[in-house]
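The values are calculated or read from the model by the stated rules, or taken from the named source; none is laboratory data. Source: prediction; values computed, not measured. No Cβ is skipped: glycine too gets one built from the backbone with ideal geometry, and neighbour counts run over all protein chains shown. Accessible surface areas use protein heavy atoms only, side chains included; no ligands, DNA or RNA. Shrake-Rupley method; radii C 1.70, N 1.55, O 1.52, S 1.80 Å.
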Amino acid sequence: MASLQIQNLQVAVNDTLILKGVNLEIKAGEIHALMGPNGTGKSTLSEVIMGNPRYQIIGGNILFNGQDLTQMTVDERARSGLFLAMQYPPEVPGISNADFIHSALNARAQEKAVAVLPFLQDLQQQMQFLSIPEAYAERGLNADFSGGEKKRNEILQMLMLQPQLAILDEIDSGLDIDALQVVAKGINAMRSCQFSCLMVTHYQRLLNYVVPDVVHIMIDGKIVKTGGFQLAQELEQTGYEHLLKESNHE
Ligand SMILES: Nc1ncnc2c1ncn2[C@@H]1O[C@H](COP(=O)(O)OP(=O)(O)O)[C@@H](O)[C@H]1O
Ligand SMILES: [Mg+2]
């Protein structure tokens, strides 16, 4: 059973404190949304969970299935079932999409190699499901992909890797309505009692298609509010302004 527990997490970048005591718990089977204005630390939290070394952990804990994540390499985190869709997915022209996903699966399977034929069949099926043209399997990883194509490709990787916990950082940014629906379809297809998800987003729009169990609002490196889906709907009406004012008065 996947569960993520973040306790009083403090993180700095280049000696500036960005996360100022984050508490968050995601249980197996839950989809959470993390919302907040730009520059608030949402991507910092995502990257730090995945183990990006640029971020220094100053205090607090991150536990995944009761294990201390901070002691694990990025590789170990991926193998233990963590997946991060980055806000800005990198382009790797030299490696094809299909090869990249196959290697990721092989890395996780360790000694037992993932058979090529069933892999390709599965890949083809998932690409059809996400309306990704077949030719994209052989193109360089994200090479010359549009913003929307990159996001769809991240979802393809998630469906192929079947992680226990996915962190999707701004998976909805720059998507037109058709692409948004495809991305949402992919996330909804993952829903199960063994899958947890943190959807990081600035906007409420995605949440109309993937209804989260819990919504958190982050302001200035802290989670200031947690609630149900209605919290996101309220935010759509009021914006972040009044929350920013409240947090400045503290
Ligand atoms: N790699 C980095 N180097 C320097 N500053 C960073 C880096 N990552 C984030 N920051 C700073 O941390 C703050 C939070 O950024 P970020 O986590 O990207 O916020 P969000 O995703 O909520 O927009 C910003 O002030 C940003 O400039
Ligand atoms: Mg961000």
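Here F64, F119 are screened, and the one residue that is open to solvent by less than 70 Å² (accessible area, probe 1.4 Å), away from ligand 1 (no atom under 16 Å from the Cβ) and under 16 Å from L165 (Cβ atoms) is F64. Checking each residue in the range 25-54 for being away from ligand 1 (no atom under 11 Å from the Cβ) and open to solvent by less than 10 Å² (accessible area, probe 1.4 Å) picks out I26, I31, H32, A33, I49. Inside the range 232-250, residues that are open to solvent by less than 90 Å² (accessible area, probe 1.4 Å) and touching a residue at least 24 places away in the same chain (Cβ under 8 Å) make up a count of 7.
Any chance you could count how many residues in the range 1-12 are surrounded by 16 or more Cβ atoms within 10 Å (Cβ to Cβ) and of a type outside the set (G, A, S)? Qualifying residue count, the range 1-12: 6.
Of the candidates V215, V210, V200, the single residue that is buried (at least 21 other Cβ atoms within 10 Å of the Cβ) and touching an Asp or Glu at 6+ places or on another chain (Cβ under 6 Å) is V200. In the range 1-111, counting only strands (runs of 3 or more DSSP E) that sit wholly within it, the ones holding 3 or more residues that are within 24 Å of I155 (Cβ to Cβ) span 31-35, 82-85, 92-96. For the range 106-116, the condition holds for at least one residue, the condition being that it is modelled with pLDDT under 95, surrounded by fewer than 12 Cβ atoms within 10 Å (Cβ to Cβ) and in contact with a His (Cβ under 8 Å, 6 or more places away or on another chain). Of the listed requirements (1) in contact with a strand residue (DSSP E or B) (Cβ under 9 Å, 6 or more places away or on another chain); (2) within 16 Å of P89 (Cβ to Cβ); (3) among the charged types (D, E, K, R); (4) open to solvent by 10 Å² or more (accessible area, probe 1.4 Å), E149 misses just one: (1). Of the residues screened, G221 is not one that is among the small types (G, A, S), touching a residue at least 12 places away in the same chain (Cβ under 8 Å) and more than 16 Å from ligand 2 (Cβ to nearest atom). Inside the range 169-197, residues that are β-branched (V, I, T), in contact (Cβ under 8 Å) with a residue 60 or more places away in the chain and either open to solvent by 10 Å² or more (accessible area, probe 1.4 Å) or out of contact with any strand residue (DSSP E or B) (no Cβ under 6 Å at 6 or more places or on another chain) (or both) make up a count of 1.
Only one of the listed residues (Q162, Q157) is in contact (Cβ under 8 Å) with a residue 60 or more places away in the chain, within 16 Å of the chain's Cα centre (by Cα) and farther than 18 Å from L34 by Cα. That residue is Q157. When Q121 is tested against (1) of a type outside the set (D, E, K, R); (2) touching a helix residue (DSSP H, G or I) at 6+ places or on another chain (Cβ under 8 Å); (3) assigned to a helix (DSSP H, G or I), only condition (2) is not met. Out of curiosity, is Q87 open to solvent by 60 Å² or more (accessible area, probe 1.4 Å) and modelled with pLDDT under 95? So Q87 fails the test. As a summary of the residue check, G39 satisfies the conditions (1) more than 19 Å from C197 (Cβ to Cβ); (2) within 16 Å of ligand 2 (Cβ to nearest atom); (3) in contact (Cβ under 8 Å) with a residue 24 or more places away in the chain; (4) not aromatic (F, W, Y) except for the one numbered (3).
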